[in-house]
Amino acid sequence: MSTYNKSMALTGEPPKSLSISQKLAVFLGTLGLGILLLAIFNVSFPNKTLWLTASLSAMTIGIVWFSWDAYSKKIPGIKNDGVWFKSISSRGLWGWIAGLALTGFYIVLYFYPEYLGLVSDGDNKGVIALFDPLSKLLNGNPASQWFVYGTLYTVAILAFGIKFLWKYRHNRYEKLRTFSVMFFQTGFAFIIPELMARLNGHKILDGGNLPYYDLKNIWPLNYYNFEGYRIKMFLSSGEIGFALLIFGILSIFVITPILTYKYGKRWYCSWVCGCGGLAETAGDSFRQLSDKSTFAWKVERWVVHSVVVFVTLMTTAVIYSYLGTDTSKYWLTKSTFLIGVAVLLTLVFGWAMIFKRDQLQKDAQYGAIGYFVIIIALIGFHFFSGDGEIFLFKSGTLRKSYSFLIGSIFSGVIGTGFYPIFGSRVWCRFGCPMAAILGFQQKLLSRFRITTNGGQCISCGNCSTYCEMGIDVRAYAQKGENIVRASCVGCGICSAVCPRGVLKLENGPLEGRIDSNQVLLGNDVDLMTLVNKK
Amino acid sequence: MEHIVIIGNGIAGVTAARHIRKLSDKKITIVSAESEYFFSRTALMYVYMGHMKFEHTQPYENHFWEKNRIDLVNGYVAKVNTQEKSLQIDDAPDLSYDKLIIATGSKPNKFGWPGQDLDGVQGLYSKQDLELLEQNAPNNKICKRAVIIGGGLIGIELAEMLRTRDIPVTFLVRETSFWNGVLPKGESEMINEHIREHHIDLRLGASLKEIVSNGNGKVKSVVVKETGEEIECNLVGLTAGVTPNIDFLKDSGIELGRGVKVNRMLETNVKDVYAIGDCAEQHEPIGNRRPIEAVWYTGRMMGETLAQTICGNPMEYKPGQWFNSAKFLDIEYQTYGWVFSEIRKKENETHFHWRHPKEKICITIAFDKDSETVLGINTFGIRLRHEIFDRWLSEKRTIDFIIEHLQDANFDPEFYKRYETMIVSKYNSEFDKSINLKKKNLKRIFQIA
């Protein structure tokens, strides 16, 4: 009997090593990186503009050359051959080395920028000094660690974006989406804010200074947007400053819900957002490493929603701390603000409970817990807050802990540093409060869904494996059920890798969007009615 | 408590088990010698290609089975005793049952070729076949060339797999064009081109005469019947179809043909013994279907149906409109209804065929010459909405209607190039019609008033 064999071993063997072109490309990219490393160790480069250009070009050309060799000569189609055989993309030795190196970089960046050469009162040294010419060209000031990071981040999205474009050149959805993230990163996150800094002190800002503002970075991802110093800067910068502040508020309360209703949260998470942009380009090689277990899903829901509660409280506390108490001076006082927040949350929560209860099911209880934590905290603010203190903490302390735990450790060190270990969307999935809020909207009030094509699923598992958000897509598809999940960022890869054309991201009527009774698995109608009986 | 025993943990058996659990509290046991847990057979190729690890092919987490009280027994059923209602299992204690479901699937065909049992000769069906392939063809140093015998779906998958490891592949196809017993000419020829584009040495009209041994029980070469050519190779893939895996039932008293004979209730001649999936053979074929349907979807459908019968809701196996799909290297294929090849086509079946001038994209619509009712559609490189075509076929729509509403049926990802205009204009000029393409309409698609 040929099928009778007790052996359980299934060893994959790496089919091939890198081609000569690919090795040269890696070498070139490493040279570019090497220049930056030498600069970190204070090797002084005489002509900084030249060496910085050389370094960035070498890295970019290295990545593009490698991708060209890997994809351009092949027939367009899915290019996942050997993904689980390669050390870098399957948590092998290279994966761990890359993970540790990235994590190390983030720790230095966030907590020890002086090792990168940051000098607060005097000329920069090290690698930051290397970026001075570019920074001066764009915003007129010497570079900071954030300028260095922003530049490298943009280069990564552009270079790996080209790689992604080649890899998915048969897929127009993927191509357009990638052009979009490349555009928003370069324009909105990098060039526009740097140029805006040049306006500071100018008369069109009434001589004021605008805070650094990446326009597509929306609260609560941009958790510091409504802090006192920023509000002051906005308000002191004339009409433009005021308009930007209004835009910041409209972004989260008006623009976001409308776009999410029409297109799902993908309009932001995989078309616009910078974190998403990096995950989809530089992180693409690691998307398969996300954890698909139901346990991970449970952890995800607790952690990401706790972050939402945390950021809401923190922001409320921060705004509360700088508001006054005298209504005659300014209409918005500490008390009216707290009441306003409470009313808004009650409206949202009440709406979800009354109209969307059936869709929330068990999650409703957790939502209720979150809601009551916030409301009780708000009451606490009101009664137990002394001078400059909120509840038991200083609002500054709350803000600092958020910034440290969530802003730095979670989004940077774990979120990006651990790409090669946990996959590319750890931050987006477990940590991003913006994603959670958009997810809430997507789940409850959006036309977006991934439609399952009747009974065509063969349960192969490509969709689940390549879902960067760790959604077990197959679990829905094999039942003929549409996929409507809060966490789905709409990257479209499940649909791309499906060998049977089962999945389609689309916007359609709300009616029958989640309804699993729409199944059509191939049997005649009578049986399907019975199967659908719950 | 009634004890349901299922032999085989493939899609048919597991679907039956899941649905029986949904509907009842019966004791359920699944026996399998192949793997500890259910996995998707159709995904084995991706494990060899490195797209997935084996564990990714398992649709349910390991705790699923205990949670749903489905017992798993790892062992090979050597004998079925229908009198005593018990199973004799190698490596596991005997098992008695109240109802038995046979869902043992298939095994690769071997047609008595000389040398077919040599080392290095194998099929591709089971997990063990995949493990064997990993030994026989781990890379192109150990396997300098592979010869694949039989041009069907598994053959082309095996060729694709081997090519991802840069192993030279010679593909012997007995027919004059790839899979042309099933596909119409235009489609079959397009796939020929695509196979060659992937640097696979496709030999049409070539069949196997014998497999030659190297003297140590290993394959050395194969000889082509038509030309007498001897091709040196280290692996021979036998992919000339599959046959039900039912040898262990020989003396059980259960009626066997090529498969386990069943009626429309999926019952065998022995009371309380049922057969589903690849191994079941209908006494009378259903419609245009073959009596043995070795297809993932039909296995699943039989599992769903039988679960109803077993849980007190007797039900015939009544598959709806035929559908199937596959992927030929980079080209996705979907079919709904019946489109027959020139070889099997009936007299009244007419085809409308459109192929993109440059890309490997085409469609064929089969319709009745007289009534113009659509019989079926094949698409290559275009995805179609299953629900829409199922509906149109059930409503017996005409070809004019379908051409006019083609945009409603498209299931390609957003922003993809659309070809309906080209298709419609070819249809109009070929059949002298003046159909105007209707715009995609969500209300029609989702049937909302």
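The values are calculated or read from the model by the stated rules, or taken from the named source; none is laboratory data. The structure displayed is predicted, hence computed values, not measured ones. Positions of Cβ are generated from backbone atoms using ideal geometry, with glycine treated the same way; all protein chains shown enter the neighbour counts.
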- prompt: If only one of A:303, A:299, A:318, A:309 is surrounded by 20 or more Cβ atoms within 10 Å (Cβ to Cβ), of a type in the set (Val, Ile, Thr) and assigned to a helix (DSSP H, G or I), which one is it?
  reply: A:318
statement: Output for Cβ contacts, cut-off 8 Å, separation at least six or different chains, first residue closer than 17 Å to residue A:142 by Cβ in the range A:188-215, second of a type in the set (Asp, Glu) and in a loop (DSSP other than H, G, I, E, B), reads A:193/A:214
query: Wholly within the range B:256-316, which strands (runs of 3 or more DSSP E) include no fewer than the required count, namely at least 3 residues that are within 19 Å of residue B:14 (Cβ to Cβ) and touching a residue at least 60 places away in the same chain (Cβ under 8 Å)?
result: B:273-275
- prompt: Is there a residue in the range B:80-100 that is crowded, with 16+ Cβ neighbours inside 10 Å and at the interface with another protein chain (Cβ under 10 Å from one of its Cβ atoms)?
  reply: no
- line: When the range A:488-504 is checked residue by residue, the ones that are more than 7 Å from chain B (Cβ to nearest Cβ), assigned to a loop (DSSP other than H, G, I, E, B) and closer than 15 Å to residue A:167 by Cα are A:491
message: Going by what's in this entry, would residue B:279 be described as in contact with a Lys or Arg (Cβ under 8 Å, 6 or more places away or on another chain) and within 19 Å of residue B:123 (Cα to Cα)?
response: no
query: Limited to the range B:104-128, what total is found for residues that are within 11 Å of another protein chain (Cβ to nearest Cβ), charged (D, E, K, R) and in contact (Cβ under 8 Å) with a residue 40 or more places away in the chain?
result: 3
- request: Could you please find all residues in the range B:226-247 being within 23 Å of the chain's Cα centre (by Cα) and farther than 20 Å from residue B:151 by Cβ?
  value: B:244, B:245, B:246, B:247
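This table checks each residue for (1) within 14 Å of chain A (Cβ to nearest Cβ); (2) surrounded by fewer than 18 Cβ atoms within 10 Å (Cβ to Cβ); (3) not in a loop (DSSP other than H, G, I, E, B).
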residue	(1), (2), (3)
B:178	no, no, no
B:190	yes, no, yes
B:194	yes, no, yes
B:199	yes, yes, no
B:212	no, no, yes
B:223	no, yes, yes
B:227	no, yes, no
B:240	no, no, no
B:252	no, no, no
query: Of all residues in the range A:439-465, how many are in a helix (DSSP H, G or I) and at pLDDT below 95?
result: 6
query: Among the residues of the range B:92-103 satisfying the criterion of being touching a residue at least 24 places away in the same chain (Cβ under 8 Å) and in a loop (DSSP other than H, G, I, E, B), which is nearest to residue B:281 (Cα to Cα)?
result: B:103
- prompt: Quick one: how many residues across the range B:79-91 are within 23 Å of residue B:309 (Cβ to Cβ), touching a residue at least 60 places away in the same chain (Cβ under 8 Å) and touching a Phe, Trp or Tyr at 6+ places or on another chain (Cβ under 8 Å)?
  reply: 3
query: Restricting to the range A:320-357, what's the tally of residues that are closer than 21 Å to residue A:395 by Cα, touching a Ser or Thr at 6+ places or on another chain (Cβ under 9 Å), modelled with pLDDT under 85 and not charged (D, E, K, R)?
result: 10
query: What number goes with the only condition from (1) crowded, with 21+ Cβ neighbours inside 10 Å; (2) of a type in the set (S, T, N, Q); (3) touching a Leu at 6+ places or on another chain (Cβ under 7 Å) that residue B:407 does not pass?
result: (1)
message: Please return the ranges of helices (runs of 4 or more DSSP H) entirely within the range B:348-449 where 2 or more residues are within 23 Å of the chain's Cα centre (by Cα) and either within 11 Å of chain A (Cβ to nearest Cβ) or of a type in the set (A, V, I, L, M) (or both).
response: B:386-394
task: Would you confirm whether any residue within the range B:325-347 is surrounded by fewer than 22 Cβ atoms within 10 Å (Cβ to Cβ), modelled with pLDDT under 95 and within 13 Å of chain A (Cβ to nearest Cβ)?
output: no
message: For the range A:223-239, give me the residue count where each residue is of a type outside the set (Phe, Trp, Tyr), in contact (Cβ under 8 Å) with a residue 60 or more places away in the chain and not in a helix (DSSP H, G or I).
response: 1
- prompt: If only one of B:227, B:176, B:239, B:268 is in contact with a Pro (Cβ under 8 Å, 6 or more places away or on another chain) and among the hydroxyl-bearing types (Ser, Thr, Tyr), which one is it?
  reply: B:239
message: Quick check on residue B:328: is it touching a Gly at 6+ places or on another chain (Cβ under 8 Å) and either under 15 Å from residue B:16 (Cα atoms) or of a type outside the set (Ser, Thr, Tyr) (or both)?
response: no
query: So is residue A:266 among the charged types (D, E, K, R) and in contact with a strand residue (DSSP E or B) (Cβ under 9 Å, 6 or more places away or on another chain) or not?
result: yes
statement: Quick count over the range A:172-187, residues being in contact (Cβ under 8 Å) with a residue 24 or more places away in the chain, of a type in the set (A, V, I, L, M) and over 30 Å from residue A:143 (Cβ atoms), is 0
- line: Note on residue B:117: of the conditions (1) closer than 30 Å to residue B:32 by Cβ; (2) assigned to a loop (DSSP other than H, G, I, E, B); (3) in contact with a strand residue (DSSP E or B) (Cβ under 7 Å, 6 or more places away or on another chain), unmet is (3)
